[in-house]
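Q: Structure in structure tokens, see below.
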Amino acid sequence: MNPHDVVITGIGLVSSLGEGPDAHWQKLAQPGLEPVLEASRFPPYTIHPLPEIDWNLQIAKRGDQRQMETWQRLGTYAAGMALDDAGIKGNDELCTTMDMVVAAGGGERDEAVDADILAASESRNDRDVLLNEKLTTELRPTLFLAQLSNLLAGNISIVHKVTGSSRTFMGEEGAGVAAVETAAARIRSGQSTHILVGGAFQTEHSDMLLGYELAGYLHRGAWKPVWQRQGAEGGGVVTGSGGAFLVLEQREHATSRGRRIYAELGPVVSGRARRRLGGLEAEIAALLRQAALPNGELLAISGASGAHAATAAEKSAFDANPAIAARAFSTLTGHMKEAQFPFAVALAALAVDRKAAYPVFDATVERPFGGVPKTVLATAIGYHQFEGVALVNAA
Amino acid sequence: MANLNDHMGRPIVAVTGIGVVTSLGVGKADNWGALTAGQSGIHPITRFPVDHLNTRISGMVDFLPSSSKGASLLTYELAETAAQEAVAEAGLNSGDFGGPLFLASPPVELDWSERFSLYNSDKQDIGAERLLRVARGLKEFAIFETTQFGSIADRLADQFGTRGLPITLSTACASGATAIQLGVEAIRRGECDRALSIGADGSATAEALIRFSLLSALSTHNDIPEKASKPFSKDRDGFVLAEGSGALVLESLEAALARGATVLGILRGCGEKADDFHRTRSKPDGSPAIAAVRAALADAGLGEDEIDYVNAHGTSTPENDKMEHLSLSTVFGERIGSMPISSNKSMIGHTLSAAGAVEAAFSLMTMRESVIPPTINYDNPDPAIVLDLVPNKKRNAEVGTVLSNSFGFGGQNTCLVMAREPV
């Protein structure tokens, strides 16, 4: 144990399964849990929708809620939950000295305005003029702020008063990996004592689906578990709305204020395979080597998206290491893009904390894990680019 | 033997390469010539029709091959062009940079031209459903790539051979400074000997302009475009949307000296502080901006009396310039009246995600050339703001240290302190 270890002292989680670390543990510990699916709203795609959320629990002012669309609300909500869990929320001294790294995409566009413009474009040749005409009159002025990537962090500062520093990383799963990696590096080097890190993804908006489908990444037809989508219609990704925030803290800082520690965050290793050259499987193997996996049976919380090529490469890398017992949580939550890696780390921390492995999420492909997990691997292999892994150790 | 560590025992971070593109031109030579001549790059918008628009001027970069190809491709070209200049100046292999990449770039969205063409390539369904139907039939990745937040950095990483997972970031108008800060921190932590930090923004689309317009953030002084950006003036009425890029090769002083590189300047300190007051307005007491400036000075190990010049955020909005004056006068006290302060934005407009990097590049050049670029269009002083703004004409001056401010929408404030010489 080192006083500059990075430990996890707060977890905020939201997914179709519910909200909070306890609710997620209870659900995910049930063998044979069925996913919450919504197949009628965005056919031919299935998604995992948000649960019922009482935003007031974490965003007290209605005015603040109105300034955000669902994505920012979701992130601000999950962040508040993590701060609460770590005993930091409402503590001015801890909030004003707290650093923050948020992994973000963009917020929701106004679908009605967009549809209106597109419909009018069928009968107009002066489309650029049409655009000016419609956007200047139909856009809600403050919507821009709900769309800006860095305004999730901005809202967290406003609502929860976290103001030490504020950085927003962009770039799908890789943003989540880099956010956790950078936050951990800051703590290890003594630059920060406590950091809020995480992200959110709200898939219940056609543009968020379009972001995958422009390259045909979405799975179509009947739902299947993550590992079983190869060869099925579409590209293999089933998305879900959700968010994951972690409070990372220097061990000494956490113990001195008497906080409960879920787990220690070990090495976080990131990479950028030249995928077009076919290097992904070798890159994943290299990341696992760099993380220095412990001997013996190893539980792996996999952020596999289901995207055919990336998921096949991750599976091969795991198959080459028979000690690994993988749990692809997106089978039950859907893929949450920027939030994927923080979510994987959170689930790994819960398993270590509860001294028990999750049952298989897919009985056909995943295999049971018998012992008490002292170290758990978390992965996020991007559906298109960037990848990362981390080891989460018993506190 | 130079001291290789700073006042806190961390590796000193040197700048060994600088690249810049703005509406004034490509490269340091053209930009510096125009900037010190007090020349404005603000001009009427020609990239798209301006019917129905209140603001019809900008500082767009209209002279690159990608200028009309959409925000993502233009942002890439801006970033690549500035980085090529910086890496070449540093004397490094432009295909094997050998350090991490930190890119400040605007959030991406599917361009309207693509939306229109996708939509009108089919007749079935309406609205988003039709777009999704067309999308799943696409056979190539080009449009998809423009919608992925990590793709510009991924291409740059391929192009320059940077190491590891590239970081793309946004802290709004502070982004460029944050990219530099992340590079500085990575070197200080000993994770690398060098880093490539780029701020690039080619996102001045009609929709972006309209969004800022609807927030009343833009100048509407359309008649004489080069006069529209007038930071700290009494009649300032908003910023001028602009494009550009700045790139720095950052290197530990030790590594730079060991390979015989020319040290162009030192990144002495970085400071930041988030505002929790409002999404577009800063806390009335200016405390977050004040704290960011003080944090940068402390990180640099310099006192308030050791800054020679301030490269202001100076956007030309009523709010920013008032708050920046308040925070600078609070930190620097009476001395503020005699410290030269100027705003590059008076000539190049607000390059948003690129601004912090572009202005860091100009700050470094200010020290190297011993010339302070002016704040142009300073014809109607605001009586509430008494500063030495280097009005309208460049000034020759020995400048050993610079403070460069970047304050963003959403409350993200980042300040950089640069020095000419390692101490």
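Just so it is clear, none of the values below were taken in a lab; they were calculated from the coordinates. Fair warning: this is a prediction, and the values are worked out from it, not measured in the lab. For neighbour counting, all protein chains shown are included, and Cβ atoms are generated from backbone atoms with ideal geometry for every residue, glycine included.
Q: Among residues belonging to region B:122-147 that are free of Cβ contacts under 8 Å to residues at least 40 places away in the same chain and of a type in the set (Asp, Glu), point out the one that is surrounded by the most Cβ atoms within 10 Å (Cβ to Cβ).
A: B:GLU129
Q: Select, from B:SER197, B:SER170, the only residue that is at the interface with chain A (Cβ under 9 Å from one of its Cβ atoms) and in contact (Cβ under 8 Å) with a residue 24 or more places away in the chain.
A: Step by step, each of B:SER197, B:SER170 is checked, and only B:SER170 is at the interface with chain A (Cβ under 9 Å from one of its Cβ atoms) and in contact (Cβ under 8 Å) with a residue 24 or more places away in the chain.
Q: Tell me, please, whether a residue that is assigned to a strand (DSSP E or B), within 14 Å of chain A (Cβ to nearest Cβ) and touching a residue at least 40 places away in the same chain (Cβ under 8 Å) can be found in region B:393-407.
A: Yes, that holds for at least one residue.
Q: Shifting gears a bit: I'm trying to understand the selection: among the residues of region A:188-214, which are crowded, with 24+ Cβ neighbours inside 10 Å and of a type in the set (A, V, I, L, M)?
A: A:ILE195, A:LEU196, A:VAL197, A:ALA200, A:LEU214
Q: Here is a check on your reading of the model: is B:SER58 of a type outside the set (Lys, Arg), buried (at least 23 other Cβ atoms within 10 Å of the Cβ), in contact with a helix residue (DSSP H, G or I) (Cβ under 8 Å, 6 or more places away or on another chain) and within 17 Å of B:ILE224 (Cα to Cα)?
A: Considered against the rule, which asks whether it is of a type outside the set (Lys, Arg), buried (at least 23 other Cβ atoms within 10 Å of the Cβ), in contact with a helix residue (DSSP H, G or I) (Cβ under 8 Å, 6 or more places away or on another chain) and within 17 Å of B:ILE224 (Cα to Cα), B:SER58 comes out as yes.
Q: Go through region A:60-89 residue by residue and tally those that are more than 22 Å from A:ALA349 (Cβ to Cβ) and out of contact with any His (no Cβ under 9 Å at 6 or more places or on another chain).
A: Qualifying residue count for the region: 11.
Q: Still on this model: Do you know which residues across region B:148-167 are more than 7 Å from chain A (Cβ to nearest Cβ), in a helix (DSSP H, G or I) and more than 21 Å from A:GLY216 (Cα to Cα)?
A: B:LEU156, B:ASP158, B:GLN159, B:PHE160
Q: Within region B:86-147, which helices (runs of 4 or more DSSP H) (wholly inside it) include 3 or more residues that are hydrophobic (A, V, I, L, M, F, W, C), within 11 Å of another protein chain (Cβ to nearest Cβ) and over 27 Å from the mean Cα position of the chain (by Cα)?
A: Hits in region B:86-147: B:127-137.
Q: Which of the residues spanning region B:249-293 are buried (at least 18 other Cβ atoms within 10 Å of the Cβ), more than 13 Å from chain A (Cβ to nearest Cβ) and among the charged types (D, E, K, R)?
A: B:GLU251, B:ARG268
Q: Check A:ALA119, A:ALA115 and return the single one that is at the interface with chain B (Cβ under 9 Å from one of its Cβ atoms), free of Cβ contacts under 8 Å to residues at least 60 places away in the same chain, farther than 19 Å from A:GLY12 by Cα and in contact with a Gly (Cβ under 6 Å, 6 or more places away or on another chain).
A: Only one candidate passes the filter, namely A:ALA115.
Q: Go through (1) outside any helix (DSSP H, G or I); (2) closer than 30 Å to A:ALA120 by Cα one by one and return the number of the condition A:ARG167 breaks.
A: (2)
Q: OK, next. Kindly indicate whether any position in region B:196-215 is assigned to a helix (DSSP H, G or I), closer than 30 Å to B:GLY91 by Cβ and within 18 Å of the chain's Cα centre (by Cα).
A: Looking for residues that are assigned to a helix (DSSP H, G or I), closer than 30 Å to B:GLY91 by Cβ and within 18 Å of the chain's Cα centre (by Cα), one finds none in region B:196-215, hence no.
Q: Mind checking which residues of region A:180-201 are part of a helix (DSSP H, G or I) and within 9 Å of chain B (Cβ to nearest Cβ)?
A: A:GLU181, A:THR182, A:ALA185, A:ARG186, A:ARG188 - these are the residues of region A:180-201 that are part of a helix (DSSP H, G or I) and within 9 Å of chain B (Cβ to nearest Cβ).
Q: Among the numbered criteria (1) more than 8 Å from chain B (Cβ to nearest Cβ); (2) under 23 Å from A:ILE59 (Cα atoms); (3) in contact with a Leu (Cβ under 8 Å, 6 or more places away or on another chain), which single criterion is violated by A:ARG167?
A: A:ARG167 satisfies every listed condition except (1).
Q: Report whether or not B:GLY303 is of a type in the set (Gly, Ala, Ser), surrounded by fewer than 17 Cβ atoms within 10 Å (Cβ to Cβ) and within 30 Å of B:ARG10 (Cα to Cα).
A: Yes.
Q: For region A:124-143, does any single residue satisfy the condition of being within 7 Å of chain B (Cβ to nearest Cβ), in contact (Cβ under 8 Å) with a residue 24 or more places away in the chain and either part of a helix (DSSP H, G or I) or crowded, with 24+ Cβ neighbours inside 10 Å (or both)?
A: No.
Q: Determine whether B:VAL21 is crowded, with 21+ Cβ neighbours inside 10 Å, within 15 Å of the chain's Cα centre (by Cα) and either touching a residue at least 40 places away in the same chain (Cβ under 8 Å) or assigned to a helix (DSSP H, G or I) (or both).
A: In short, yes.
Q: Let me ask something else about it. Consider region A:351-394. How many of its residues are part of a strand (DSSP E or B), more than 18 Å from A:GLY306 (Cβ to Cβ) and away from chain B (no Cβ under 14 Å)?
A: Adding up the residues that qualify gives 7.
Q: How many residues are among the small types (Gly, Ala, Ser) and either part of a loop (DSSP other than H, G, I, E, B) or on the phi > 0 side of the Ramachandran plot (or both) when one looks only at region B:223-243?
A: Initial filter on region B:223-243 (among the small types (Gly, Ala, Ser)): B:228-229, B:233, B:238, B:242.
The next check asks that each one be either part of a loop (DSSP other than H, G, I, E, B) or on the phi > 0 side of the Ramachandran plot (or both); those that pass are B:228-229, B:238.
Residues meeting the conditions: 3.
Q: Which residues, counting only those in region B:259-282, are among the hydrophobic types (A, V, I, L, M, F, W, C), closer than 23 Å to B:GLY19 by Cβ and over 16 Å from the mean Cα position of the chain (by Cα)?
A: Once the filter is applied, which keeps residues that are among the hydrophobic types (A, V, I, L, M, F, W, C), closer than 23 Å to B:GLY19 by Cβ and over 16 Å from the mean Cα position of the chain (by Cα), region B:259-282 yields B:ALA261, B:VAL263, B:LEU264, B:ILE266.
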